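Colleague: Could you have a look at this structure, given as structure tokens, before my questions?
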Amino acid sequence: MSNPERINIHDLVIEEPEKQSEVVFDPEKIWKEEDFEELQKLALGQGIEKHRRDLFLNANAALAVLDKQRLPALTDGIKEKIWDQISTPQTLDEDSLCYLHLGNLAWASQISPEFLQRSRDDKYVRMHRLLPGGEAKSELVPVLKKEPILEQVIELGRKQLEDYKSRNDWRHIFEIAAWLTVVGSRPKFDS
């Protein structure tokens, strides 16, 4: 008979609670005060060259994500600069237009959800076409309709996503899907 007081410890398994690893991003540990000050200047539009309009929106969005307390007050002037960047056509290519505006709208939504609810006026771009015989014709072409911009860029984003899926372009699929998710329209993928 075995002695119940003698236990073979080699057969015992000690269960330890699983350790949770938590990675916390703390901008205060990475960024210096001077870095935040520089970002705040850019967020106010100071020192930005005209051809780098994207820095204005990006600086505001970065502050909104890193530390919303450091975000400059959203004055009407700042709101209009952000809105202008979202809604101003910079290309005639509908795919690029969606790509550009969807990304900008996603960043702007981090600054304030109000940017997802705004409508815009019709915007036109002067397009030049060559007619048969070599004659050039110039005409104004509407780029986005007068309706809430969010619905338009989501619709264009979904179309573009399907196009990228048909081409197996996973880099752009990921990017468009991420932006659609940020603006509240996460795409569903078939298995």
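Colleague: Would you point out the residue of region 92-127, among those that are among the small types (Gly, Ala, Ser) and modelled with pLDDT of 70 or more, that is farthest from Glu151 (Cα to Cα)?
Modeller: By that ranking, first place goes to Ser112.
Colleague: Sticking with this structure for a sec: Kindly indicate whether Glu22 is more than 25 Å from Arg118 (Cα to Cα) and modelled with pLDDT under 90.
Modeller: The answer is yes for Glu22.
Colleague: Which numbered condition trips up Leu130, out of (1) out of contact with any Cys (no Cβ under 7 Å at 6 or more places or on another chain); (2) at pLDDT 75 or above?
Modeller: (2)
Colleague: Select, from Pro89, Pro72, the only residue that is outside any helix (DSSP H, G or I), surrounded by 14 or more Cβ atoms within 10 Å (Cβ to Cβ) and modelled with pLDDT of 85 or more.
Modeller: Of Pro89, Pro72, the one residue that is outside any helix (DSSP H, G or I), surrounded by 14 or more Cβ atoms within 10 Å (Cβ to Cβ) and modelled with pLDDT of 85 or more is Pro72.
Colleague: Moving on. Does Asp190 satisfy the criteria of being more than 17 Å from Phe115 (Cα to Cα) and free of Cβ contacts under 8 Å to residues at least 24 places away in the same chain?
Modeller: yes
The values are calculated or read from the model by the stated rules, or taken from the named source; none is laboratory data. Worth saying up front: this structure is predicted, and the values here are computed from it rather than measured. Ideal geometry is used to build each Cβ from the backbone, glycine not excepted, and the neighbour counts take in all protein chains shown.
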